[in-house]
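Shown next, in structure tokens, is the structure this report addresses.
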Amino acid sequence: MDKGSVLQALGQVGTEEAGEVFREYLRGAAREMLVGVMTEEVTRLCGAAYHPTRGAEFYRAGSADGYAYVESRRGDIVRPRVRQRKEEAATEEVALESYTAAQDASEAQRLLLEALVAAGSMRKVGKVVHNQRGSSKSYVSRLWQKVGREKFSELRHRSLDVDTEGEPRDWLALMLDGVSLAKDLLAVVAVGITTEGRKVVLDFELGASENVTAASALVARVVERGFAPSGDRPLLVVLDGSEALRKAVMKHFPKARIQRCLVHKERNLKRYLARRDWPELNDHFDRLRKAQGAQAALEILRELDAFLKRKNAAARQSLHEAGLDLIRIHLLDTPSTLHRSLLSTNMIENTIRNFRHSSGRVNRWRVETDQAARWLATGLLSAEEGFQRLSHYGDLPVLLAHLKTKRDCKNLGALKEKLPDWLRKEVPQVDEVEDNVLPACVGAGSQAICVV
């Protein structure tokens, strides 16, 4: 199709068909350009056509049917052939560099994988890419398995102490959350935040439940790969409330500062309350998220306790179980601009929500294979590509300084007399500590311990 015929065709079709006519013209032009490039390469190797050099190393050997990818679509072409003279009158086929490059299927494979993610079904990929050659269900399935294993290896083995450019990383926070994939299949996902506000998917561990063994294996692996805060600064850890995750973290980071996810705790308390009481509960948690400083957060926590005392004993006990870990960020005098990011594990849940968009049509997770690991690694790395820096990351130096000076323990010492009895038992005893160096208090309720 030349320029004249394409202009004539465009004048005879409607708007919807005009785009396809023009794209077909472009594909034809690209094929012609490819033939021209291959012809030029043959001329460079063999000399001018119809004037062969006697005894030359390379010579033309006719043509053969072949294929090339144009606009990510595989199409048939006629390729020139060149042979090379070897010793003892032997010859061999020469692979043209231009033809080899034209057979690169990486872009087509990328579009097939994007189509799979969009369609959510191997069977529907062909419809998405107009049933082009190489889009069969079996081919896409093999390609997906291959790419999934590559993604899993990339996620599991990349170094965490340096970034992709080789620059050292300093870690500020760790977020852990359990994600249910099926009845007996759960993934514990870890996301890290650097001191510069960069978010990174660290790793995940699959198991039948959110147990200590799986969580400890995950934390041990990321530590081995270089995940740790610099110096003696405590690590900030945001958890969903799982005791298994807490134990795993404290095993490897005994000085860690634990912040309980407020979204999980609010959701948990609603189970004990009548629906008519939910708006008032929401109001308490909204105020807690916006509160600045330890004293303001403590006042709201006291009001929340009084509210639950009138409503439900089990809900109040659940609040007491979380204890000071509900306001650890406030005790550190963290700027309120960072509360939205650090008072919940929504960062992980949003990542998993994107993953479920593509994996939602998986009706059966085969736990005896690496299926779940492949899907999860591919989904997590894809979500990571869309990560933005932490909102208001410019305020992170304040939090870093307060972590280093153990501001939370100093605030607890100052507020000790104002604490209710159910919180007072978590405050470390500082009278016997020399030089006013306050110990780091970790744990919740009667499980609290102090580490200098």
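Every number in this text was worked out from the coordinates using simple rules, so none of it is lab data. Model, not experiment: these values are computed from the prediction. In this analysis, Cβ positions are derived from the backbone assuming ideal geometry, glycine residues included, and neighbour counts consider all displayed protein chains.
Per-structure values
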item	result
Inter-site label distance for Arg364 and Glu280 at 7 Å from Cα along Cβ, in nm	5.1 nm
Selection from Ile258, Thr213, Gly197, by position along the positive dipole direction of region 171-289 (Cβ)	Ile258
Counting DSSP beta bridges with both ends in region 167-273, the antiparallel % (nearest 5)	70 percent
Summed side-chain charge close to Leu186 - residues other than Leu186 whose Cβ falls under 10 Å, Lys, Arg +1, Asp, Glu -1	-2
Flagged links, alpha-carbon separation over 32 Å, of Lys251/Lys404; Lys151/Lys270; Lys199/Lys418; Lys255/Lys418; Lys247/Lys270	Lys151/Lys270; Lys199/Lys418
Euclidean distance between Cα centres, region 255-283 to region 300-314, Å	11 Å
Extended-chain gain in nm, criterion 0.36 nm per residue less alpha-carbon gap, Ala182 and Gln292	35.6 nm
Theoretical gain in end-to-end length, Val212 to Gln371 [0.36 nm per residue, Cα-Cα removed]	54.9 nm
FRET efficiency, 1/(1 + (r/R0)^6) with R0 45 Å, evaluated for Leu45 and Leu381 via beta carbons	0.60
Exposure proxy ranking, count of Cβ atoms within 10 Å, fewest first, for Met175, Met250, Met33	Met33, Met250, Met175
Neighbour-count ranking [beta-carbon atoms within 10 angstrom, fewest first] of Val147, Val188, Val223	Val223, Val147, Val188
Residue-count net charge about Ser63 - beta-carbon cut-off 11 Å; Lys, Arg +1, Asp, Glu -1	+2
Neighbourhood net charge (15 Å Cβ-Cβ; Lys/Arg +1, Asp/Glu -1) for Arg340	+1
Least to most buried among Asp170, Asp421, Asp333 (fewest other Cβ within 10 Å first)	Asp421, Asp170, Asp333
